[in-house]
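Peer 1: I'd like to ask some things about the structure below.
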Amino acid sequence: MKNIIKISLIILVITTVIYFGGGKKLLSKNVTTNPNPRSHDSWVGDVMPFYDGKQWQIFYLEDHRDGEIGFHPFSLFTTKDFINYTDKGLVIPYVNEEDSQERALGTGSIIEGHDKQYHAFYTAHNGDLNPKEAIMHATSKNLKDWDKQENDTFYGSEQYERDDFRDPFVFYNDVEEKYWMLITTRKNNKGVIAKYESEDLKEWTDGGVFFENDMDSDGNLECPSLVYYNEKWYLSFSDQWPDRVTHYRIADSLEDTFEKPTNIDHWDSNAFYAGQIQQDDNGNLFVFAWIPTKEQHDDNKGYNWGGNLAVHQLSQDEQGNLTASLPVEIEKFLDDKKDIEIVGKTENQTRFTSKGDFGILKAKITYDDDAKFGFAFDVDNEGQSSLNILFEDNEISFYNTSLKYIEKSDPLSTMKIIKDEEYIDLKIVLNNDIIIFYLNGEQTFSTRMIRAANNDFSFFVEKGQADLILIPDN
């Protein structure tokens, strides 16, 4: 009997804990304890969050990368704290046939209708059809079992580019007493967000262009979302090119023009894509997106599509701008870990080690105007690294190269820093090969560094004067 128990315990350990990038997966009861989850055999694509009054229902496009004809079904995580996730698995499948409109599913949204049913609207994509994209509808009574309403399928109006007609975001407009659907499309060779209207969530009427690309590009405005928060309307979208970041705009009413914020119009780098903004019933606002993997799982390559879920908390400042910070529950979880410690220090370098998959470093950095400093990851015995975060000229940049080649290299990510003081308040979150910088409680800078997983890292000063002052907990 004792031998049977021992064997059972060994099997339980082997089958319930596996490494999967960005932390550990606990397969028992399908629960993941990880701020950046993914399912054990796939990756997280575009995220479609829905708060059901008790917990977050986080739908996403599941990226299996398995070579099947079809791809990207809707799958589902649930969570109450952004730490412990239950993996509910597939909920809306694609059709694995060459000639099906649903050969691939694309981004959408979930809403509870006045009929007390849940409604999912999503993109059906087949690159071999004409048109390539359609908007489809499914209904559910429990958010897990969905019935496709194929008779409700519709395509883009003639004024839009029907091969680019996707990412439906649906909400109820209380003033007009109609449902609105925002759709990513193109008009006159320029990216726009179209508006469609409905009274019953079945028949939709073209209401014209809601928002037109206001940047110096003609790029598509992907994965739009719209929320009313603290007497302001906020519209978010991700530019398909050239920057590939999640932007936002502000208006006092839906009749007003949506304007750029007075500070930087995005919260994160190009390693945080397809963000949707949503709030819970307690007045907390969040943005949900994914942090990409790297091509061929190689640090020398660029980012590709899909990766791990990421969530930032958003707050409103006095000007109405939205600032991004580490969600409170995640910070509490990381504070309890206390897994980062100093293992060496010289005049221009402080070296740290992390004892686990998760960790947080809190510090303040003071520096002069000419300073050039940063953090090196995958540090060797001589303190050198080919993965570097560099701070210079009020910018933060991520390079897949050593310091001596940086001047001849282009960064994989870069972002302007909102600077209100002569210092930077910094929180660095380590989650295996995902590393996120939280700056001044206003901005985030997400990265994927494969060789950094479970390796030492260091703070260095390349030029000028910069001092790293650790918060006492570290």
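The values are calculated or read from the model by the stated rules, or taken from the named source; none is laboratory data. Here the structure is a predicted model, which is why all the values come from computation and not from measurement. All Cβ positions, glycine included, derive from the backbone under ideal geometry; neighbour counts span all protein chains shown. Side chains are part of the model used for accessible areas, which takes the heavy atoms of the whole protein and leaves out ligands, DNA and RNA. Shrake-Rupley method; radii C 1.70, N 1.55, O 1.52, S 1.80 Å.
Peer 1: Leaving ligands and nucleic acids out of the surface, order 416, 404, 178 by accessible area at 1.4 Å, largest first.
Peer 2: 404, 416, 178
Peer 1: Let me ask another. So what does residue 328 come to for accessible area, using a 1.4 Å probe and Å² rounded to 10?
Peer 2: It works out to around 80 Å².
Peer 1: If you put +1 on each Lys and Arg Cβ and -1 on each Asp and Glu Cβ, how big is the dipole of the range 153-295 around its Cα centre, in Debye rounded to 20?
Peer 2: For the range 153-295, the charge dipole is close to 420 debye.
Peer 1: Output wanted: per-residue J couplings in Hz (rounded whole) for the range 135-150, from phi through Karplus 6.51 cos²θ - 1.76 cosθ + 1.60, θ = phi - 60°, x for Gly and Pro.
Peer 2: Here the 3J(HN,Hα) series is 9, 10, 9, 9, 10, 7, 9, 9, 6, 10, 9, 10, 10, 6, 9, 5 Hz.
Peer 1: Two-decimal Rg/Rh of the chain from alpha-carbon positions, Kirkwood Rh?
Peer 2: Ratio of gyration radius to Kirkwood radius: 0.98.
Peer 1: Please work out the Cα center distance from the range 401-416 to the range 259-276, rounded to the nearest Å.
Peer 2: 21 Å
Peer 1: Separate question: Counting only other residues whose beta carbon sits under 13 Å from that of residue 452, what net charge do I get with K and R as +1, D and E as -1?
Peer 2: That sum, taken over residues with Cβ under 13 Å, equals -3.
Peer 1: Could I ask something else about it? What is the calculated FRET efficiency for residue 337 to residue 241, with r their C-beta to C-beta distance and R₀ = 35 Å, to the nearest 0.05?
Peer 2: Details: r = 38 Å, r/R0 = 1.10.
Result of the calculation: an efficiency of 0.35.
Peer 1: Evaluate the charge dipole of the chain about its Cα centre and quote only its size in Debye, nearest 20, assuming +1 on the Cβ of each Lys and Arg and -1 on the Cβ of each Asp and Glu. Mind showing how you got there, number by number?
Peer 2: Numbers: 47 positive and 84 negative charges, 444 e Å.
So the dipole magnitude of the chain works out to roughly 2140 debye.
Peer 1: Over the chain, what is the relative contact order in percent, taking alpha-carbon pairs closer than 8 angstrom and at least six residues apart?
Peer 2: 11 percent
Peer 1: Gain in length, residue 52 to residue 454, computed as 0.36 nm per residue apart minus the alpha-carbon separation, to one decimal in nm? Intermediate values should be presented prior to the final figure.
Peer 2: Values: separation 402, 0.36 × 402 = 144.72 nm, distance 3.65 nm.
Working it through step by step, the gained length comes to 141.1 nm.
Peer 1: With r as the distance between the Cβ atoms of residue 304 and residue 117 and R0 = 35 Å, compute the FRET efficiency 1/(1 + (r/R0)^6) and round to 0.05.
Peer 2: Approximately 0.45, to the nearest 0.05.
Peer 1: Okay, moving on. Suppose the chain between residue 284 and residue 174 were pulled fully straight at 0.36 nm per residue; how much longer would it get relative to their current alpha carbon spacing?
Peer 2: Fully extending the segment from residue 284 to residue 174 adds 37.5 nm.
Peer 1: Could you name the lysines in cross-link range of residue 232, using Cα to Cα under 22 Å and dropping any fewer than eight places away on the same chain?
Peer 2: The reachable lysines, counting only those whose Cα sits under 22 Å from residue 232, are 178, 195, 260.
Peer 1: How much accessible area does residue 405 have with a 1.4 Å probe, in Å² rounded to the nearest 10?
Peer 2: 120 Å²
Peer 1: Let me ask another. Need the full-extension length gain, residue 199 to residue 40, defined as separation in residues times 0.36 nm minus the C-alpha distance. One decimal, nm.
Peer 2: Difference between extended and current length: 53.2 nm.
Peer 1: So the label point goes 7 Å from the Cα of residue 159 along Cα→C-beta, right? Which residues of the range 240-257 then have their backbone N under 19 Å from it?
Peer 2: So the set is 254-257.
Peer 1: Straight-line reach from residue 88: which lysines fall under 23 Å, measuring Cα to Cα and dropping same-chain residues less than 8 apart?
Peer 2: 24, 25, 29, 54, 80, 116, 141, 144, 148
Peer 1: For residue 408, go through the lysines and keep the ones whose alpha-carbon is under 25 Å away, minus same-chain ones fewer than eight residues off.
Peer 2: The qualifying lysines are 294, 301, 372, 416, 463.
Peer 1: Using a probe of 1.4 angstrom, how much of the accessible area of the range 371-474 is carbon and sulfur, in percent?
Peer 2: 41 percent
Peer 1: Can you send over the solvent-accessible area of residue 330, 1.4 Å probe, protein chains only, in Å² to the nearest 10?
Peer 2: Probe radius 1.4 Å; accessible area of residue 330 about 10 Å².
Peer 1: How big is the gap, in Å, between the Cα center of the range 48-65 and the Cα center of the range 76-129?
Peer 2: So the separation of the two Cα centres works out to 9 Å.
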